[in-house]
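Presented below is the structure to which this report refers.
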Amino acid sequence: MSDEFKVERAIRKDIQDLVPYSPEVYEGVIKLDANENPYDFPPEVMNEIKDMLNGSMLPRYPDPQANLLREAIADYVGVAPENIVAGNGSDELILTLVSTFGSDGRVLITDPTFSMYKVNSRIAGAVTFGVPRNPDFSVDIDNLLAEAVTYGTKMVFLCTPNNPTGNITPREEIISILEGLADTDCLLVLDEAYIEYAGASSVSLISKYKRLVVLRTFSKAFGLAGLRVGYMVADSEIIDEVMKVKQPYNLNTFSQLAARVVLKNREFFQEQIKKIVKERGRMAKALGELDGIEVFPSEANFILFRPIKPAKQVWEELLAKGISIRIVSGFEVFNCLRVTVGNPRENAAFLTGLKEIICG
Ligand SMILES: *Cc1c(COP(=O)(O)O)cnc(C)c1O
């Protein structure tokens, strides 16, 4: 008898049309498409990680709570270790948060924004609802709050600086959103993946606003995208709930150790961050001086711009010149491209290539 099992009948209907995340990988190109740190990992820090590695670590399970790393992060962000959960990248923590607080409910996002809020909300069984940003990409607070008080809304995701637009949501606006949520059961999740490039974090607000969760990562400023280390900062009651839901061994021993050593040596990375911020200024200015490019202000390590030519064509021609950037999609960012701020050599190659394409 043949097996009549039908995958398309068995799969959850609400995730049937998800598409796997599988970006094209181009060999030997200048990679300005994923907002990674463009500088070499500092050899001094690498050596310290190597010195601390020990074969006897490998047969044992990792610390499920990553307590040494939580202590190091707590010291870095100025809270207690009880206010921290470490995760396998902040992507994992987005899924864990929605699984803990949002399943069966509604999750608000502010389009255009980071795509994983939508994907992970769906996987966790929540429905997302987009509240479009204003034309200058600021948050439409009145509309956001009007939607947040609607029955069934469990969480709001807000990215600052926002990927892909680059603008921040100022502290006063974050506070008015928190105040506006006062009579709801709705969490505010602030994604500060790029905050090291922008200045002031909102982490200190967690002591006043229990509904606030701040997401951070080692992937963008701290050169550890390959090791997958993210964390959340929140009131300890929220942390206790998330600890019940997260997988016990979500963060491996090696990543826990490397992230600790990175924080211990953070001055190396703070130097790199300074250089990247300086390059961002140079690049934004150069882009602004090009006829045929509209450039949007950024406080992150990437810049959004709109070419006069079709974005897809510009993207393809840059790739043919060995430079990979990102096409962004969405009504509000129609025909836009996002370029990561690289090192000076990479940025010069990008600007030269773009000039030839736009002016040629
Ligand atoms: C890159 C990015 C993340 C993912 O970070 P990981 O810690 O590598 O999972 C989260 N949020 C935003 C807005 C990002 O751009």
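Points to keep in mind about this one:
- Among the candidates GLU82, GLU71, residue that is acidic (Asp, Glu), assigned to a helix (DSSP H, G or I) and within 17 Å of VAL229 (Cα to Cα): GLU71
- Residue in the range 61-69 that is on the phi < 0 side of the Ramachandran plot and within 16 Å of the ligand (Cβ to nearest atom) present: yes
- Taking (1) of a type in the set (Phe, Trp, Tyr); (2) open to solvent by 10 Å² or more (accessible area, probe 1.4 Å); (3) touching a residue at least 24 places away in the same chain (Cβ under 8 Å) in turn, PHE157 satisfies each apart from (2).
Residues are listed down the side, and each one gets a yes or a no for (1) over 26 Å from GLY226 (Cα atoms); (2) at pLDDT below 95; (3) open to solvent by 10 Å² or more (accessible area, probe 1.4 Å); (4) basic (Lys, Arg):
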{"site": "TYR76", "(1), (2), (3), (4)": "no, no, yes, no"}
{"site": "GLY102", "(1), (2), (3), (4)": "yes, no, no, no"}
{"site": "LYS118", "(1), (2), (3), (4)": "no, no, yes, yes"}
{"site": "GLY125", "(1), (2), (3), (4)": "yes, no, yes, no"}
{"site": "THR128", "(1), (2), (3), (4)": "yes, no, yes, no"}
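- Within the range 49-61, no residue that is within 16 Å of ALA259 (Cα to Cα) sits with its Cβ atom under 8 Å from a residue that is exposed (fewer than 10 other Cβ atoms within 10 Å of the Cβ) and among the aromatic types (Phe, Trp, Tyr) at 6+ positions apart or across chains.
- Residues (more than 12 Å from the ligand (Cβ to nearest atom), open to solvent by 10 Å² or more (accessible area, probe 1.4 Å) and in contact with a Gly (Cβ under 9 Å, 6 or more places away or on another chain)) located in the range 202-217: SER204
- Count of the range 45-58 residues, restricted to those that are open to solvent by 50 Å² or more (accessible area, probe 1.4 Å) and closer than 30 Å to VAL339 by Cβ, is 1.
- Of residues in the range 1-28 being surrounded by 10 or more Cβ atoms within 10 Å (Cβ to Cβ) and under 23 Å from the mean Cα position of the chain (by Cα), the one farthest from ILE323 (Cα to Cα): ILE15
- Wholly enclosed helices (runs of 4 or more DSSP H) of the range 101-197 bearing at least 2 residues polar (S, T, N, Q): 116-123
- Any hit, the range 337-357, residues being surrounded by fewer than 16 Cβ atoms within 10 Å (Cβ to Cβ), assigned to a loop (DSSP other than H, G, I, E, B) and under 22 Å from the mean Cα position of the chain (by Cα): no
The values are calculated or read from the model by the stated rules, or taken from the named source; none is laboratory data. Keep in mind that what you see is a predicted model, and the values were worked out from it rather than measured. Ideal geometry is used to build each Cβ from the backbone, glycine not excepted, and the neighbour counts take in all protein chains shown. In case anyone asks, the SASA skips ligands and DNA or RNA and just uses the protein heavy atoms, side chains included. Shrake-Rupley method; radii C 1.70, N 1.55, O 1.52, S 1.80 Å.
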